[in-house]
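The values are calculated or read from the model by the stated rules, or taken from the named source; none is laboratory data. These numbers come from a predicted model, not from an experiment. With ideal geometry, Cβ positions are generated from the backbone for all residues, glycine too; neighbour counts draw on all protein chains shown. For accessibility, only protein heavy atoms count, side chains too; no ligands or nucleic acids. Shrake-Rupley method; radii C 1.70, N 1.55, O 1.52, S 1.80 Å.
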Amino acid sequence: QAVGQLQLYVRYLNARDFVRAYRLRSVAFQEQRSFTRFVTQFNGIASTDIVVLAVAPTADQTTVFLLLSSVFEDGTTRVLRGTYTMGFENGRTRIFGTQLVFNTTESG
């Protein structure tokens, strides 16, 4: 369920439906980051895609390890790797935390 919610989050971002994407974030996140600030972080991004590498559930949260690739309006691509921490809040799966860094792993 955590991966499904994360994929839904990305679909909302790609559809520019920031209201629904924001609602998938935890209450604590929303209290710390205004909706306007949330939307601003996506300026210039044309689309985003994720590749789930692993899922690590615990009793009360699930950590999703992934690669996140964003294509910008100028054609450049940025690939990040990291985690999204998912959990239940008010009976729904929410995104509690995000930790992403530039992907420095090279293949070939």
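Remarks
- Failed item, numbered, when Gly4 is tested on (1) part of a strand (DSSP E or B); (2) of a type outside the set (Asp, Glu); (3) out of contact with any Asp or Glu (no Cβ under 7 Å at 6 or more places or on another chain): (1)
- Any chance Thr83 is under 17 Å from Thr98 (Cβ atoms), of a type in the set (Ser, Thr, Tyr), at pLDDT 95 or above and out of contact with any strand residue (DSSP E or B) (no Cβ under 8 Å at 6 or more places or on another chain): no
- Taking the numbered list (1) outside any loop (DSSP other than H, G, I, E, B); (2) open to solvent by less than 90 Å² (accessible area, probe 1.4 Å); (3) of a type in the set (A, V, I, L, M, F, W, C) in turn, Phe88 passes all entries but (2).
- Among residues of the stretch 29-69 being assigned to a helix (DSSP H, G or I) and open to solvent by 50 Å² or more (accessible area, probe 1.4 Å), the one that is farthest from Val79 (Cα to Cα) is Glu31.
- Members of the stretch 1-44 found to be polar (S, T, N, Q) and farther than 14 Å from Arg92 by Cβ, listed by number: Gln7, Asn14, Gln32, Ser34, Thr36, Thr40, Gln41, Asn43
- Pick from the stretch 70-82, criterion part of a loop (DSSP other than H, G, I, E, B) and among the charged types (D, E, K, R), ranking: surrounded by the most Cβ atoms within 10 Å (Cβ to Cβ): Glu73
- Only one of the numbered conditions (1) surrounded by 16 or more Cβ atoms within 10 Å (Cβ to Cβ); (2) in contact with a Leu (Cβ under 7 Å, 6 or more places away or on another chain) is violated by Arg25, and that is (2).
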